[in-house]
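What follows is one structure encoded as structure tokens, with my remarks underneath.
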Amino acid sequence: GAVQRHIAVRHVLEVVVPAAHIPDAWKAVADTCSKLDCEVVSSSVRKELRDQPGGAYLEMRVNPKDAPQLLGQLEGAGRVASHSTASEDKTAQVVDVEAHIKNRTEFRDSLRALLQQPGANRKLSDVLEIQQTLSQTQAELDSHATQLKLLMQETTKQLVQVSFRPEVTLIEGRAANPIWTAVRDAGQVMASSVASLITLVAALAPWLLLLVPLLWALRRAWAWRARRRAMRTA
């Protein structure tokens, strides 16, 4: 029959919200997720500071049937500035991992049967070797099972990553004001110039400590020679 396809779908959205409403919008979307076949994988809220705009982030996994409702909530939470969708076919990876699990399971079961075989007369070293191989096989099985679980999570639910950022206007956001931008840039240029001057002074300071006494000694020697010449011509 046809092979079942395993497609990982990811939505990445940027939602613009008035700065004061970001926490409410973030909470409303998280609450909507909790009412659907959806789980919040990670979330964060960043408070607005004097030198840093506020913002929030949500990462969710949602059942494809509930994805339209969740995305609709995002449309209502603010203005969706960007929304990109990516799909990745992970069918080959799933089939490969399932084949490994099947083969390792059969091998593990044969080892267990070998150990439990009645009347087997084996040396202790042989028994220990079988047990070690059995332990390694079980560890491989556990690793493949974890890998398959992650692949199933990626392909049975869609990943939705949302960044909430504040609106920037001429009144609320100085960054949008060209005069403020020019003043800010001028301040940065001035600060860079002062920093360069401090670096230059720090680099020259050791040499000045050597040159000043040397120049003083040369000046004294020059004055002494001038006096000697004056005495000879007198």
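The values are calculated or read from the model by the stated rules, or taken from the named source; none is laboratory data. Note that the structure is a prediction, hence the values are computed from the model and not measured. Cβ: placed from backbone, ideal geometry, glycine included. Neighbour counts: every protein chain shown. Ligands, DNA and RNA are excluded from the accessible area calculation, which covers all protein heavy atoms including side chains. Shrake-Rupley method; radii C 1.70, N 1.55, O 1.52, S 1.80 Å.
Here are a few candidate values for P(r) over Cα pairs in 10 Å bins from 0, in percent: (i) 7, 23, 20, 9, 6, 5, 5, 5, 5, 4, 4, 4, 3, 1, 0; (ii) 6, 16, 14, 13, 12, 11, 9, 7, 5, 4, 2, 1, 0, 0; (iii) 7, 26, 27, 20, 14, 5, 1. Which one was actually calculated from the structure I just gave you?
This structure yields the entry labelled (ii).
Using only the alpha carbons of the stretch 63-144, what is the convex hull's orientation-averaged projected area in square nanometres?
Mean shadow area of the hull around the Cα atoms is 9.1 nm².
Could you pull the accessible area for V127 with a 1.4 Å probe, rounded to 10 Å²?
40 Å²
Label Y57 and E75 with points 7 Å out from Cα along Cα→Cβ: what is the distance between them in nm?
It works out to 2.7 nm between the two label points.
Please give the length that would be gained between A28 and T199 if that part of the chain were fully extended, namely 0.36 nm times their separation in residues minus their C-alpha to C-alpha distance (nm, one decimal).
So the extension gain works out to 56.4 nm.
Using the heavy atoms of the protein chains alone and a 1.4 angstrom probe, what is the accessible area of the stretch 10-158 per residue in square angstrom?
Dividing the accessible area of the stretch 10-158 by its residue count gives 62 Å².
At a Förster distance of 25 Å, what's the computed FRET efficiency of S163 paired with D89, Cβ-Cβ distance as r, to 0.05?
0.40
What residues have an amide H closer than 5 Å to that of V15, excluding those fewer than 5 places away on the same chain, when H is modeled at 1.01 Å from N in the peptide plane?
Answer set, sorted by chain and number: A81, S163, F164, R165.
Once you keep just the Cα pairs under 8 angstrom separated by 6 or more residues, what percentage relative contact order results for the stretch 1-79?
After rounding, I find 34 percent.
Using DSSP to define loop residues, name the trypsin sites (Lys or Arg not before Pro) in the stretch 30-101 whose beta-carbon has at most 14 other beta-carbon atoms within 10 Å.
K47, R50, K65
Determine the share of the chain's accessible area contributed by carbon and sulfur atoms, expressed in whole percent, with a 1.4 angstrom probe.
Answer for the chain is 59 percent, counting heavy atoms of protein chains only.
Using Cα pairs closer than 8 Å and at least 6 residues apart in sequence, work out the relative contact order for the chain, in percent.
31 percent.
Need the full-extension length gain, L150 to R219, defined as separation in residues times 0.36 nm minus the C-alpha distance. One decimal, nm.
Value of the extension gain: 16.7 nm.
Please calculate the 1.4 Å probe accessible area of D51, with all protein chains present, and give it to the nearest 10 Å².
Roughly 140 Å² of D51 is accessible to a 1.4 Å probe.
Looking only at GluC sites (Glu not before Pro) in DSSP loops with at most 14 other Cβ atoms within 10 Å, what is the longest site-free stretch of the chain?
The reported range is 49-171.
Around G54, which amide H atoms from residues at least 5 apart in sequence, or from another chain, sit under 5 Å from its own amide H, with H modelled in the peptide plane?
Those qualifying (amide H under 5 Å, at least 5 residues apart or on another chain) are E48, L49.
Enumerate by residue number the trypsin sites (Lys or Arg not before Pro) in the stretch 1-33 meeting two conditions: DSSP loop (anything except H, G, I, E, B), and at most 16 other Cβ atoms within 10 Å of the site's Cβ.
Within the stretch 1-33, the qualifying trypsin sites (Lys or Arg not before Pro) (loop, at most 16 other Cβ atoms within 10 Å) are R5.
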